[in-house]
Amino acid sequence: VEAMETPLRLRALRLRNGGWSAAANAGAEAAAGRVCLQIDDDVIASPQLVAEHVAAHSGETPRMAIGRLIQEPPKSSDWFVAAFTTAWNRRYDELSEGEADWVDCFGANFSAPLELLVSAGGFSTDRPAVADMELAYRLNNMGCVPTYLPRAEAVHDDEKARERLLSDIAGFGSFAAEFADRHPETRSQLFGWYGQAGPKEAFLRAVLLSLRVPTKLLAALGRWIPAGQR
């Protein structure tokens, strides 16, 4: 990085391995611009991504902007990985038709005013798996408006195996339950699926949760269910 010749002012920060949250916070502290753009190392940005984020912060209203992250069709033949990819991309399609909220703020393609980001305490290093969402909650309470940028596209080159996806989902569920206990006003946003599900789906989920059926078993059985009913 230091040897590259570029019109940009690049700085290489040498840090002890403390996870992406610590690295992102160090980058924010070293930044000199008005806006901080956070992109993960497995994200391939489109040519217009930076310009779209810059334009989003041109007004007086403080915003936290979320760009579109595209998951490409997986190489894996695992139905669960394919279903996860489809659901991921569908969520961004839905954002194009409605308004974004703080729960939609995924930190891999995310920007916010630098001063507010630092004032909010940056990304949490205690819960790195959901540090982006937790930061978005704090920024939202500080008046930062969640804004979706459909043209700030990037490819999320992160094909995870089923075991890793299940682990991530379980980690998010644990965070959601804990966070909703500390902040009851967020319960409807974190668990909004329950109100949107039909009576059969809600009943089935309640039964499976009460019986504590392992997620690995459900994922294994899912391949036998017709694709349109999963």
Q: Return, ordered by residue number, the residues of the stretch 9-41 whose backbone nitrogen is under 18 Å from a label point located 7 Å along Cα→Cβ of Ser167.
A: 18-21
(Q) Just want the answer: with Cβ charges of +1 for Lys and Arg and -1 for Asp and Glu, which residue in Leu95, Ala32, Val118 is farthest toward the dipole's positive end in the stretch 7-120? (A) Ala32
**Q.** Amide N proximity, the stretch 32-72 versus Leu13 label position 7 Å along Cα-to-Cβ, cut-off under 15 Å
**A.** 32-41
Q.
Per residue, how much accessible surface does the chain expose to a 1.4 Å probe? Answer in Å², no decimals.
A. 63 Å²
Q: Please name whichever of Pro128, Pro150, Phe175 sits farthest to the positive end of the charge dipole of the stretch 91-230, dipole taken about the Cα centre and charges placed at Cβ: Lys and Arg +1, Asp and Glu -1.
A: Phe175
(Q) To test your reading of the geometry: what angle, between 0 and 90 degrees and rounded to tens, separates the Cα axis of helix 20-30 from the longest principal axis of the chain? (A) 20 degrees
Q: Would you list, by chain and number, the lysines whose Cα falls below 18 Å from the Cα of Lys160, excluding same-chain residues fewer than 8 positions away?
A: Lys75, Lys216
Q. At Val213 and Thr125, where each label point lies 7 Å from the Cα along Cα→Cβ, what is the point-to-point distance in nanometres?
A. 4.2 nm
Q | Residue-averaged [θ]222 nm for the chain, counting only DSSP H segments that reach four residues, each worth -39500 (n - 2.57) | A | -13000 deg cm²/dmol
Q: Using a 1.4 angstrom probe on heavy atoms only, work out the carbon and sulfur share of the accessible area of the stretch 53-154 in %.
A: 51 percent
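The values are calculated or read from the model by the stated rules, or taken from the named source; none is laboratory data. These numbers were taken from a predicted model, which means no experiment stands behind them. Reconstructed Cβ throughout: ideal geometry from the backbone, glycine too, with neighbour counts over all protein chains shown. With ligands, DNA and RNA removed, areas are computed over all heavy atoms of the protein, side chains included. Shrake-Rupley method; radii C 1.70, N 1.55, O 1.52, S 1.80 Å.
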